[in-house]
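The next block holds one structure in the form of structure tokens; read it before the comments.
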Amino acid sequence: MALSDQLTDLASRTKRLEDAAAAAEARNRTMLEQERDKLHSTMQKEAKNLQASAKSAKTEASSWWAETTAHIEERRAQLRAEIEQRKVERKVDKAKRNADDAEDYAAGLVSLAAYVIDAAEYAVVDATIARGDADELAAASR
């Protein structure tokens, strides 16, 4: 996927995140549950793609990405299992703890996403500078 396509995709995902946050503020439970189910499927697919990509590239960074996505998926699965168990229990204090845990997890992932967006922006700028250097060297050697 071209860099511009990835950035467009990232913008689209950011917009969905904003919509989800707005729905959360409006307490639109049905929309949030539908979005959560859709995101669950998408995240599973993307995690598998990232892990496959990391395995084929066999680089240190790719290995880090594979480990990171595996850890996030493991934690997400763990949290989802805890949420499902708590739904069965239906106790107010447990439901509040569930909400607190989910909010803490979301806040952590938002922080991670902000870092990753900054890292992606840095990589884009760095790649642009590197391409400029390469073009200048190629032009000078002609």
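The values are calculated or read from the model by the stated rules, or taken from the named source; none is laboratory data. Model, not experiment: these values are computed from the prediction. Cβ placement follows ideal geometry from the backbone for every residue including glycine, while neighbour counts extend to all protein chains displayed.
For segment 40-57, state whether one or more residues are farther than 19 Å from D9 by Cβ, of a type in the set (S, T, Y) and modelled with pLDDT under 80.
Within segment 40-57, one or more residues are farther than 19 Å from D9 by Cβ, of a type in the set (S, T, Y) and modelled with pLDDT under 80.
Return yes when L109 is at pLDDT below 85, in contact with a Phe, Trp or Tyr (Cβ under 8 Å, 6 or more places away or on another chain) and under 23 Å from S12 (Cβ atoms) and no when it is not.
no
Quick test of your reading of the structure: Q85 fulfils all but one of (1) among the polar types (S, T, N, Q); (2) farther than 30 Å from K15 by Cβ; (3) in contact with a helix residue (DSSP H, G or I) (Cβ under 8 Å, 6 or more places away or on another chain). Name the failing condition by number.
(3)
Could you tell me whether R131 is over 29 Å from K15 (Cα atoms) and charged (D, E, K, R)?
For R131, the condition - over 29 Å from K15 (Cα atoms) and charged (D, E, K, R) - is met.
Consider R142 against the criteria (1) closer than 30 Å to S4 by Cα; (2) at pLDDT 80 or above; (3) surrounded by 12 or more Cβ atoms within 10 Å (Cβ to Cβ); (4) more than 17 Å from the chain's Cα centre (by Cα): it satisfies all of them except one. Which criterion is unmet?
For R142, the exception is condition (3).
Quick check: anything in segment 102-113 loosely packed, with under 13 Cβ neighbours inside 10 Å and more than 26 Å from L50 (Cα to Cα)?
No - not one qualifying residue is present in segment 102-113.
Being of a type in the set (D, E, K, R) and touching a Lys or Arg at 6+ places or on another chain (Cβ under 7 Å) is the requirement here; does R86 meet it?
yes
In segment 83-101, which residues are at pLDDT below 90 and either surrounded by 14 or more Cβ atoms within 10 Å (Cβ to Cβ) or acidic (D, E) (or both)?
I83, E84, R86, E89, D93, K94, A95, N98, listed by residue number.
Do you know which residues across segment 4-39 are within 23 Å of Y122 (Cβ to Cβ), of a type in the set (A, V, I, L, M) and at pLDDT 80 or above?
Within segment 4-39, L10, A11 meet the criteria.
Scan segment 22-35 for residues that are surrounded by 11 or more Cβ atoms within 10 Å (Cβ to Cβ), touching a helix residue (DSSP H, G or I) at 6+ places or on another chain (Cβ under 9 Å) and assigned to a helix (DSSP H, G or I) and jot them down.
Across segment 22-35, the qualifying residues are A23, A24, M31, L32, E35.
Can we say A113 is part of a helix (DSSP H, G or I) and touching a Ser or Thr at 6+ places or on another chain (Cβ under 9 Å)?
Yes.
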